Amino acid sequence: MTAPSPVLELRNTFQRGITRPLRWRRDQLRALRRLLLDNEDALTAALHDDLHKSATEALMTEIGVVVTEIEHTLSHLRRWLRPRRVLVPAKLQPARARIVREPLGVVLVIAPWNYPVQLVLGPLVGALGAGNTVVLRPSELAPATSRVLADLVPRYLDHRAVRVVEGGVDATQAMLSERFDHIFFTGSGRVGRIALEAAAPNLTPVTLELGGKSPLWIDDTADLEVAARRIAWGKFVNAGQTCVAPDFVLTTPQCRPVLEAALTEAITHLFGPDPQRSPDYARIISADHLTRLTKFLDDGTVVAGGLVDESDRYLSPTVLSDVDPNSDIMEQEIFGPILPIVEVADVDAAIAFINERDKPLALYVFTGSASTRRRFQERTSSGAIVSGTTILHPAVPALPFGGVGSSGMGAYHGERSIANFSHDKAVFDKPFHPDLTRLIEPPYSRFGRWLVRLLSTMRLTPSRPAATVARGGFNTKGSR
Ligand code: NAD
């Protein structure tokens with residue numbers, strides 16, 4: 001029997017204004033921080049059950065990321081929510097205009113399995129900070145983490161405003177058939193399309209945090225030893241099951257052999273001679289995913305790794321060479337610990353290769369040349385461009401995190417999360433006196449036309465310098 005939908009109750013909570021005061025929002029964020037810090041062991045154990053994630057990785061890439069996001073939000077929330085005064089054109093004076101951030105209502109957060117704490121609770125920080133009520137849908141493919149979250153969330157957060165809905169794909173489908181004020185989806189493009197279609201009848205706005213193939217360029221002006229370690233870490237953390245992991249490498253024929261040797265050494269440095277015995281190396285989420293990944297091994301020559309143990313859902317950190325650009329591994333998102341290396345003639349060929357394909361979530365550039373970095377930045381489009389390292393940029397809360405084109409729409413983290421889960425309402429106030437608008441009302445006179453012409457060609461004049469204003473139409477009563 002399926003549980004009754006919580007949406008009606010959450011809508012009621014929202015309409016009663018419970019989530020609006022700044023005090024309530026800050027209290028919820030503090031409670032969420034307590035949830036994470038009090039239950040580090042339970043969360044870490046669940047992540048180990050689901051993904052064989054090491055405790056350090058769980059702290060660094062799941063719990064710590066959300067705690068940082070909460071700290072950043074608590075420090076700035078009051079300012080981010082302050083109404084902002086904007087200029088009113090002279091012809092509309094006297095009047096005042098400002099932008100007021102208001103919450104959207106009831107939000108649905110759908111999460112994938114690969115970072116099952118971060119990608120459920122990270123969006124929740126923004127949704128609560130913006131004053132919404134929230135349904136959380138953890139992935140059924142990380143069942144231990146889903147269970148722990150379903151247990152902890154009602155013990156720490158306001159049950160009137162936040163619910164966890166567990167279950168399989170049918171539970172997500174049931175939620176998608178409900179009316180929400182915003183859907184925040186993280187996952188594949190395939191299911192992202194399903195979420196968009198479900199949102200269309202109600203014109204519900206949707207944020208899509210998707211994946212795809214994130215390319216990496218490296219040339220021989222880079223410090224190859226440092227680069228190889230940073231590439232191997234970013235690729236093989238969580239066994240490659242990271243949306244911003246470098247998907248494939250583009251490099252020159254001269255650089256390729258040196259890079260292959262450096263990557264092989266880096267893998268041993270990170271995970272020892274037998275990564276299966278390393279406590280720091282994760283497992284593939286399911287047998288089906290392992291089967292899909294194993295097929296990719298035929299698409300090139302194994303330079304390092306290539307070992308599979310089905311009984312342990314293990315695939316060793318793998319580097320592939322001699323990869324055909326038209327093979328399956330170069331057509332689909334890999335989302336696992338296989339790093340193909342593709343040779344291209346030079347930077348121009350690499351840029352052309354990238355631009356012929358979908359816009360990536362991240363693009364990585366390893367080079368000592370500032371002009372090469374600039375060329376990638378100016379001539380390609382991606383959710384983010386990062387040089388000298390991999391996968392660290394989402395940890396900067398002030399940077400927007402999101403894709404472009406087929407890697408997603410919308411962004412979050414820091415203030416972008418608050419903007420994402422809010423409506424920026426236009427507020428315009430005009431006093432009754434002096435009643436100057438009567439001069440431009442019908443019946444139109446010659447003077448009226450002269451005045452309209454004059455006013456239409458005037459520049460904007462501030463009624464006061466543009467600034468944030470302390471008070472506005474936004475109810476943050478009881479704030480602190
Ligand atoms: P997925 O799209 O298969 O599943 C995501 C969510 O959708 C799950 O909660 C699942 O319950 C639900 N779902 C699955 N099939 C459904 C259906 N038919 N109808 C309705 N709901 C359905 O993605 P995944 O396998 O969990 O995650 C991997 C993908 O997510 C990769 O493409 C990866 O790049 C992407 N990803 C993106 C980010 C990001 O922040 N941009 C982060 C992590 C993962």
(request) Heavy atoms only, probe 1.4 angstrom, no DNA, RNA or ligands counted: give me 107, 308 ranked by accessible area, highest first. (result) 308, 107
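Just to make sure I understand: if all protein chains stay in place, what is the order of 48, 433, 182 by accessible area at 1.4 Å, largest first? Show your work: numbers first, answer last.
Details: 48 85, 433 145, 182 10 Å².
Sorted by accessible area, descending: 433, 48, 182.
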(request) Mind checking which lysines have their Cα closer than 20 Å to the Cα of residue 53? Skip sequence neighbours fewer than 8 apart in that chain. (result) 235
(message) If packing is taken as the average count of other Cβ atoms within 10 Å, what order do 110-120, 226-236 fall into, highest mean first?
(response) 110-120, 226-236
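For 354, 194, what's the largest-to-smallest order of accessible area, 1.4 Å probe? Could you put the intermediate results ahead of the total?
Values: 354 10, 194 75 Å².
Largest to smallest exposure gives the sequence 194, 354.
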(request) Work out the FRET efficiency for residue 140 and residue 71 from their Cβ-Cβ distance, taking R0 = 41 Å, and round it to the nearest 0.05. (result) 0.85
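Listed highest first by mean packing, meaning other Cβ atoms within 10 Å per residue, what order do 412-422, 55-65 come in? Before the final figure, lay out the partial values.
Numbers: 412-422: 23.5, 55-65: 19.0.
The most tightly packed comes first, giving 412-422, 55-65.
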(request) Give the residue from 100, 202, 183 lying farthest towards the positive end of the charge dipole for the chain; charges sit on Cβ (+1 for Lys and Arg, -1 for Asp and Glu) and the dipole is referred to the Cα centre. (result) 100
(message) Output wanted: per-residue J couplings in Hz (rounded whole) for the range 174-180, from phi through Karplus 6.51 cos²θ - 1.76 cosθ + 1.60, θ = phi - 60°, x for Gly and Pro.
(response) 4, 5, 5, 7, 8, 8, 10
(request) May I ask you to list the residues of the range 97-119 whose amide nitrogen lies under 16 Å from a point 7 Å from Cα along the Cα→beta-carbon direction of residue 455? (result) 97
(request) Compute the relative contact order of the range 381-462 as a whole-number percentage, counting only Cα pairs closer than 8 Å that sit 6 or more residues apart in sequence. (result) 16 percent
(message) How tilted is helix 118-129 with respect to the longest principal axis of the chain? Cα atoms for both, answer in degrees (0 to 90, nearest 10).
(response) 10 degrees
(request) Return a whole-number percent for the relative contact order of the chain, with Cα pairs under 8 Å and 6 or more residues apart as the contact set. (result) 22 percent
(message) Residues of the range 274-310 with backbone nitrogen within less than 14 Å of a virtual label 7 Å along the Cα-to-Cβ line of residue 328, please, listed as ranges.
(response) 288-300
(request) Between residue 435 and residue 5, with labels modelled 7 Å along Cα→Cβ, what's the label distance in nm to one decimal, could you check? (result) 4.9 nm
(message) Once you place label points 7 Å from the Cα toward the Cβ at residue 428 and residue 445, how far apart are they in nm?
(response) 2.5 nm
(message) Can you give me the solvent accessible area of residue 259 with a 1.4 Å probe, rounded to the nearest 10 Å²?
(response) 0 Å²
(request) Could you work out how far helix 143-156 tilts from the main Cα principal axis of the chain, as a 0 to 90 degree angle to the nearest 10? (result) 30 degrees
(message) I'd like the Karplus ³J(HN,Hα) series for the range 404-414: coefficients 6.51, -1.76, 1.60, θ = phi - 60°, whole numbers in Hz, and an x wherever there's a Gly or Pro.
(response) 9, x, 6, 8, x, 9, x, 8, 9, 5, x
(request) Using a Förster distance of 25 angstrom, determine the FRET efficiency expected from the C-beta separation of residue 160 and residue 40, and round it to 0.05. (result) 0.40
(message) Tell me which of 18, 421, 238 sits at the most positive position along the dipole axis of the chain, charges placed on C-beta atoms (Lys, Arg +1; Asp, Glu -1).
(response) 18
(message) Check which residues have an amide H placed less than 5 Å from residue 387's amide H, if you skip close sequence neighbours.
(response) 365
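Got the relative contact order for the range 215-402 handy, in percent, Cα pairs under 8 Å and 6 or more residues apart? Please report the intermediate quantities before stating the final value.
Details: 333 pairs, mean separation 52.8, N = 188.
28 percent.
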(request) Within the range 95-126, find all residues whose amide N lies under 13 Å from a label point positioned 7 Å from the Cα of residue 280 along Cα-to-beta-carbon. (result) none
(request) Would you calculate the separation in nanometres between label points at residue 173 and residue 395, each defined as 7 Å from the Cα along the Cα-to-beta-carbon direction? (result) 4.0 nm
(message) If you count only protein heavy atoms and use a 1.4 Å probe, how large is the accessible surface of residue 423, to the nearest 10 Å²?
(response) 80 Å²
(message) Could you report the accessible area of residue 378 in Å², rounded to 10, computed with a 1.4 Å probe on the protein chains as they sit in the structure?
(response) 140 Å²
(message) Using each residue's phi in the range 249-265, evaluate 6.51 cos²θ - 1.76 cosθ + 1.60 at θ = phi - 60° and report the 3J(HN,Hα) Karplus result to the nearest Hz, with x for Gly and Pro.
(response) 10, 10, 8, 8, x, 5, 7, 3, x, 5, 5, 4, 5, 5, 5, 4, 5
(message) Can you say what percent of the DSSP beta bridges in the chain, counting only those with both residues inside, are antiparallel? Round to 5.
(response) 40 percent
(request) Return the FRET efficiency for the residue pair residue 261, residue 196: r is the Cβ-Cβ distance, R0 is 51 Å, and the value is rounded to the nearest 0.05. (result) 0.70
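The values are calculated or read from the model by the stated rules, or taken from the named source; none is laboratory data. Given the structure is predicted, the values throughout are model-derived calculations rather than measurements. Virtual Cβ from ideal backbone geometry, glycine too; neighbours counted across all protein chains shown. These accessible areas exclude ligands, DNA and RNA; they are computed on the full protein's heavy atoms, side chains included. Shrake-Rupley method; radii C 1.70, N 1.55, O 1.52, S 1.80 Å.
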